[in-house]
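First up is the structure itself, then whatever we jot down about it.
Bear in mind that the values in this text are calculations on the coordinates, not laboratory data. Quick caveat: nothing in here was measured; it's all calculated off a predicted structure. FYI the Cβ positions are ideal-geometry reconstructions off the backbone, even for glycines, and counts take in every protein chain you see.
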Amino acid sequence: MYSDKVMDHFNNPRNVGEIENPSGVGTVGNAKCGDIMRMYFDIDEQGVIRDVKFKTFGCGAAIATSSMATELVKGKTVQEALTVTNQAVMEALDGLPPVKVHCSLLAEEAIHAALWDYAEKNHITIEGLKKPVDDIAEKEEAEEE
Ligand code: FES
């Protein structure tokens with residue numbers, strides 16, 4: 001059911017933990033399944049994401065997608081980090097079962113939430129970044145309508 005890459009990132013998640021005094025931190029949950037993901041970014045003066053850590057209280061797919069998401073954003077500029085969509089994370093993991101696609105949305109939204117926090121702290125605007133939601137279930141419902 002799960003690809004080898006999903007199993008690998010689930011069993012050996014990369015970048016688990018916290019960053020003290022992060023440049024940006026974002027927390028997103030999904031009220032429907034109760035899962036929560038928090039992402040910490042350390043961003044340098046050039047706007048490059050030097051370090052990323054995450055904590056996920058959630059299902060295996062949520063852990064695998066957050067792990068892969070951190071790997072994909074590391075070393076990117078904040079602008080480039082916007083290209084790390086849930087689709088990109090899923091592709092990097094060789095796919096997810098359809099019922100688990102929403103878990104990857106949590107990773108995308110957690111990236112956006114951490115970037116949003118960084119932008120607010122530094123009084124800057126990141127082009128193309130929309131205000132993230134706290135609860136991804138709201139967004140899913142809006143998309144279903
Ligand atoms: Fe909710 Fe996976 S079941 S994030």
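For the range 43-99, rounded, prolate or oblate, judged on the Cα gyration tensor with a ≥ b ≥ c (square roots of eigenvalues), a/c < 1.5 rounded, else prolate if a/b > b/c? Because a/c hits 1.5 or more and a/b fails to exceed b/c, the range 43-99 counts as oblate.
Between GLY47, GLY26, GLY60, the GNM of the chain built on Cα springs shorter than 10 angstrom shows GLY47 fluctuating the most.
Per residue of the chain, the DSSP helices (runs of n ≥ 4 H) give a summed -39500 (n - 2.57) that works out to -13000 deg cm²/dmol at 222 nm.
For the chain, which DSSP H helices look membrane-span-like by this rule: Cα extent along the axis of 24 Å or more and mean Kyte-Doolittle of at least -0.5?
Working: long enough: 101-122 (32 Å, 0.04).
Taking the DSSP H segments of the chain (at least 24 Å long, mean hydropathy at least -0.5), we get 101-122.
If you take the Cα centroid of the range 95-127 and the Cα centroid of the range 5-71, the two points sit 10 Å apart.
Taking packing as the residue-averaged number of other Cβ atoms within 10 angstrom, the listed peptides 109-115, 17-23 run from highest to lowest as 109-115, 17-23.
Length gain on complete extension for the stretch LYS76 to ASN122, per 0.36 nm per residue less the alpha carbon to alpha carbon distance? Write out the running numbers ahead of the final one.
Numbers: separation 46, 0.36 × 46 = 16.56 nm, distance 1.80 nm.
Extending this stretch completely gives an extra 14.8 nm.
Kirkwood analysis of the Cα pair distances in the chain returns a hydrodynamic radius of 14.8 Å. Under 16 Å from the 7 Å Cα→Cβ point of ASP94, by amide nitrogen: which residues of the range 3-17? Answer for this model: 3-12.
Using equal-weight Cα scatterers in the Debye expression, the normalised intensity of the range 83-145 in log10 at q = 0.20 Å⁻¹ is -0.84. The stretch between GLU18 and GLU141 holds 41.2 nm of extra length on full extension. This uses 0.36 nm per residue minus the Cα-Cα distance.
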